[in-house]
Amino acid sequence: MTQETSTPEQTDGFHLVIDALKLNGLDTIYCLPGIPITDFLRMSQAEGLRVISFRHEQHAGNAAAAAGFLTGKPGVCFTVSAPGFLNGLTALANATTNCFPMILVSGSSEREIVDLQQGDYEEMDQLAIAKPLCKAAFRVLHAEDIGVGIARAIRAAVSGRPGGVYLDLPAKLFAQTIDKAAGQRSLIKVVDAAPKQLPAPDAVARALDVLKSAKKPIVILGKGAAYARCDEEIKSFIEKTGIPYLPMSMAKGLLPDNHAQSASAARSYVLAEADVVMLVGARLNWLLSHGKGKTWGASSAKDTANKKFIQVDISPTEADSNVPIDAPLVGDIGSCIAALNAGLGGNWQKPPADWTGAIAERKDKNLTKMTETLAKNASPMNFHSALNVVRNKIKERPDAILVNEGANTLDFARSIVDMYEPRKRLDVGTWGIMGIGMGFAVAAAVETKKPVIAVCGDSAFGFSGMEVETICRYDLPVCVIVFNNNGVYKGTDQNPRGGDVAPTVFVKDAKYEMLMQAFGGAGVRAATPEELKKALDEAVSSGKPTLINAIIDETAGTESGRITSLNPAMAKKK
Ligand code: ADP
Ligand code: TZD
């Protein structure tokens with residue numbers, strides 16, 4: 001007599017991770033393969049996830065961070081242990097600094113060996129290293145805890161102030177098997193991952209009172225406002241109140257840059273003169289001179305000016321980080337602005353005409369000056385004549401995404417290239433970090449399927465340049481424009497002793513276009529605005545991976561772009 005024994009169907013760690021990601025709508029993985037995640041990545045692809053594989057983990061991580069900003073869901077990056085993990089860590093820390101949601105998942109070595117420091121393959125206590133550099137860090141040791149681990153990572157990344165999360169998955173976990181039905185039951189579909197956080201009514205009333213008292217109000221929109229995806233609420237608030245606004249660089253386009261109330265072209269004037277400043281998803285960090293000093297109309301660098309601040313932010317500890325905040329409004333920006341809109345009432349007093357008139361006057365003057373400078377159309381190209389071509393292209397294709405890094409290339413593009421739609425500009429962010437270019441460009445193309453124009457200084461481009469192969473491999477509609485002025489900042493530095501070239505100088509007349517050609521993309525050298533326009537038109541209309549080597553006068557620009565004053569030698573002279 002034979003006895004039928006049926007073993008219950010099994011699943012394993014590999015598939016539970018895949019199922020948990022899918023269950024939560026995370027359908028794209030940015031990665032670089034190797035032990036112990038190669039099989040995982042193969043299986044992910046077989047299970048229908050989009051797997052975008054990079055040449056260096058930092059760029060995979062940057063892509064995940066940009067995906068997080070662009071979609072509001074955490075971008076997911078997978079790396080191997082120790083060195084791969086460390087390569088991804090810069091991107092995780094940068095995402096956290098920028099308040100972008102991402103999850104860095106790294107395979108790790110055997111706990112028992114790591115903890116006794118017995119020298120495992122790629123041994124490193126990754127969890128301990130990641131912890132101080134991100135918003136949260138978790139490790140999963142048992143297959144039945146994968147669902148919880150991924151749910152916790154998702155919630156930590158997107159709730160409250162978004163940020164980077166590290167998830168440590170030891171190699172052994174992937175191969176663990178458990179009962180399939182029990183495995184499925186252990187998975188969690190996260191409900192309301194980024195819950196609304198309503199502002200307290202008294203805080204709303206206080207903010208409105210401060211706003212009502214203003215004679216010279218301004219609103220500063222930051223990338224938190226762009227991330228919050230309440231574009232209509234914000235537009236309605238700005239237009240109903242009539243308050244002039246300044247967009248921080250990644251908030252450009254939240255309202256079109258040619259909006260009548262944009263005060264960008266009168267930035268120094270409004271920062272110095274305003275009496276009430278309302279910050280919406282923007283921190284008073286170095287990018288805003290910490291809210292004090294001469295920029296803000298104070299008499300000395302350390303002094304605070306006589307202004308009142310309202311700060312709308314999801315983080316309750318952000319207020320007072322640099323200057324006193326008279327009206328902190330804590331909550332998600334959508335709920336806060338909706339509450340303010342509701343409280344404006346039918347007869348809101350728009351700001352006095354002498355304030356808006358004075359701004360308009362300065363703005364007109366500066367815009368006229370800009371138009372004149374652009375009209376010179378310098379050839380050989382300087383930053384203005386080259387960026388004018390990009391400016392015209394974005395005007396024609398406001399749906400395109402602009403990725404921007406460099407020093408002068410960044411600073412000039414920020415003021416020359418107008419944006420017309422929200423979340424279309426990705427740049428070096430809070431740290432001013434070089435190397436985001438190709439990672440951000442890949443994610444922008446993958447997540448939005450729109451044309452991407454990556455405008456990079458030649459130094460900046462070098463940090464992620466090898467990813468042009470990734471762009472070609474996935475046939476992404478990315479046009480990289482390298483602003484080639486032969487060096488970091490400029491190409492004119494001299495070594496006073498002769499011999500080696502100066503540390504900021506590169507090989508002259510480098511043929512960057514050949515990098516893209518090497519992988520089957522289009523590579524074009526453009527030495528005049530006309531050639532640049534022709535190449536950019538062709539790149540955007542064809543959607544073909546393209547690199548334009550834009551030859552910029554090597555004497556154009558300044559050392560460190562607009563932050564020359566932060567160089568220690570300059571600071572000493574002050
Ligand atoms: P910028 O560099 O553009 O000035 P920052 O990165 O300094 O912007 O500031 C972004 C701010 O936005 C952070 O303080 C963050 O807490 C906040 N923030 C991000 N998302 C939201 C949201 N959904 N609601 C409210 N505040 C948010
Ligand atoms: N390393 C990293 C990771 N980030 C940085 N910001 C720097 C170094 C320092 N740095 C800048 O702040 S801008 C820049 C570096 C190296 C490059 C400037 O040269 P570029 O741009 O060619 O990219 P421009 O437009 O020619 O000035």
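Observations on the model:
- Surrounding net charge for Asp179, when Lys and Arg each add one and Asp and Glu each subtract one, Cβ distance under 12 Å: -1
- Helices in the chain that qualify as membrane-span-like (whole DSSP H runs, Cα extent of at least 30 Å along the helix axis, mean Kyte-Doolittle hydropathy of -1.0 or higher) are 353-375.
- Residues in the stretch 187-202 that a label on Ala342 would reach, taking backbone N under 13 Å of a point 7 Å out along Cα→Cβ: 197-202
- Placing R0 at 35 angstrom, the Cβ-Cβ distance between Lys240 and Ala128 gives a FRET efficiency of 0.10 after rounding to 0.05.
- Over all Cα atoms in the stretch 174-273, the spread is summed up by Rg and Dmax: 21.5, 68 Å.
- Cβ-placed point charges (K, R +1; D, E -1), dipole of the chain about Cα centre in debye, nearest 20: 2020 debye
- Stokes-Einstein diffusion coefficient of the stretch 1-153, Kirkwood radius over Cα pairs, 25 °C, 0.890 mPa s, in µm²/s: 152 µm²/s
- Selection of chymotrypsin sites (Phe, Trp or Tyr not before Pro), the stretch 54-162, meeting DSSP coil and at most 15 other Cβ within 10 Å: Tyr121
- Charges were assigned to the Cβ only: +1 to each Lys and Arg, -1 to each Asp and Glu. The resulting dipole of the stretch 369-447 about its Cα centre is roughly 200 debye.
- Using C-alpha pairs below 8 Å separated by at least 6 residues, the relative contact order for the chain is 12 percent.
- Ranked from largest, the principal axis spans of the Cα set of the chain equal 100, 65, 47 Å.
- Once C-alpha pairs closer than 8 Å and six or more residues apart are averaged by separation and normalised to the residue number of the stretch 255-384, the relative contact order reads 23 percent.
- Where trypsin sites (Lys or Arg not before Pro) fall in DSSP loop in the stretch 269-375, at most 13 other Cβ within 10 Å: Lys302
- Rolling a 1.4 Å probe across all protein chains gives Trp286 an accessible area of roughly 90 Å².
- Per-bin percent of Cα-Cα distances, the stretch 64-217 [5 Å]: 2, 9, 15, 17, 15, 13, 10, 6, 4, 3, 3, 2, 1, 0
- The alpha-carbon of Lys172 sits under 27 angstrom from the alpha-carbons of these lysines, leaving out residues fewer than 8 places away in its chain: Lys22, Lys131, Lys135, Lys180, Lys189.
- Surface accessible to a 1.4 Å probe, per residue, for the residues of the chain, Å²: 42 Å²
- Counting only heavy atoms of the protein chains and using a 1.4 Å probe, Ser565 has close to 50 Å² of accessible surface.
- Solvent accessible area, Å² - Ile359, 1.4 Å probe, full protein context: 10 Å²
- Net charge of the neighbourhood of Leu208, taken over other residues with C-beta under 14 Å away and scored Lys/Arg +1, Asp/Glu -1, is +1.
- For the stretch 476-574, projected area of the alpha-carbon convex hull averaged over all directions, nm²: 8.3 nm²
- Between the stretch 313-347 and the stretch 248-307, the alpha-carbon center distance in angstrom: 17 Å
- Value of Rg to Rh for the stretch 224-276 (Rh from inverse mean 1/r over Cα pairs, i.e. Kirkwood): 0.95
- Taking a straight line from the alpha carbon of Lys533, these aspartates and glutamates sit under 13 Å away, with near neighbours fewer than eight places off in the same chain left out: Glu396.
- Those aspartates and glutamates that a straight Cα-Cα span of less than 16 Å connects to Lys544, excepting residues fewer than 8 apart in one chain: Glu467, Glu469, Asp475, Glu513
- Using the alpha-carbon positions of the stretch 176-224, Rg (one decimal) and Dmax (whole number) come out as 23.1, 68 Å.
- Ellipsoid fit via the Cα gyration tensor, the stretch 470-525: semi-axes of 31, 10, 9 Å, each the root of five times an eigenvalue, largest first.
- As a fraction of the 1.4 Å probe accessible area of the stretch 280-359, surface on carbon and sulfur atoms comes out at 51 percent.
- Less than 5 angstrom separates the built amide H of Ile552 from those of Asn484, Asn485, all sequence-distant by 5 or more or on a different chain.
- Centre-to-centre, using Cα atoms only, the stretch 1-76 and the stretch 351-387 are separated by 49 Å.
- For the stretch 146-164, backbone nitrogen atoms closer than 19 Å to the point 7 Å from Asp192 Cα along Cα-to-C-beta are found at 151-162.
- Where Val330, Val403 fall by accessible area, highest first, once all protein chains stay in place (1.4 Å): Val330, Val403
- Principal axis dimensions, the stretch 216-325 - Cα atoms, whole angstrom, descending: 38, 30, 22
- Placing R0 at 45 angstrom, the Cβ-Cβ distance between Ala510 and Ser6 gives a FRET efficiency of 0.10 after rounding to 0.05.
- Restricting the trypsin sites (Lys or Arg not before Pro) of the stretch 463-498 to loop positions (DSSP other than H, G, I, E, B) with no more than 16 neighbouring Cβ atoms within 10 Å leaves Arg497.
- Close amide-amide hydrogen proximity is noted between Ile103 and Gly75, Val76, Cys77, Val165, each under 5 Å apart and 5 or more residues distant or on a separate chain (H modeled in the peptide plane; Pro and chain starts excluded).
- Note that the stretch 273-384 carries a Kirkwood radius of 17.0 Å, evaluated over its alpha carbons pair by pair.
- log10 of Debye I(q)/I(0), alpha-carbon scatterers only, for the stretch 321-404 at 0.14, 0.19, 0.26 Å⁻¹: -0.93, -0.99, -1.17
- Each of Met516, Met370 has its accessible area taken with a 1.4 Å probe; listed largest first, they run Met370, Met516.
- 25 °C / 0.890 mPa s Stokes-Einstein diffusion coefficient of the stretch 376-489, Kirkwood radius on C-alpha pairs, µm²/s: 176 µm²/s
- Note on the chain: dipole from Cβ charges, positive end direction compared against Ser236, Thr304, Gly491; the farthest Cα belongs to Thr304.
- Taking all Cα pairs closer than 8 Å and separated by 6 or more residues, the relative contact order of the stretch 72-193 comes to 30 percent.
- Close amide-amide hydrogen proximity is noted between Phe138 and Tyr166, Leu167, Asp168, each under 5 Å apart and 5 or more residues distant or on a separate chain (H modeled in the peptide plane; Pro and chain starts excluded).
- Carbon + sulfur, % of accessible area of the stretch 521-574 - ligands and nucleic acids excluded, 1.4 Å: 58 percent
- Our analysis of the stretch 430-508 gives Rg over Rh at 1.09, with the two radii drawn from alpha carbon positions and Rh computed by the Kirkwood formula.
The values are calculated or read from the model by the stated rules, or taken from the named source; none is laboratory data. Because the structure is a prediction, the values reported are computed rather than measured. Because the Cβ atoms are built from the backbone with ideal geometry, glycine has one as well, and the counts that use them run over all protein chains shown. Only protein heavy atoms, including side chains, enter the accessible area calculation; ligands, DNA and RNA are left aside. Shrake-Rupley method; radii C 1.70, N 1.55, O 1.52, S 1.80 Å.
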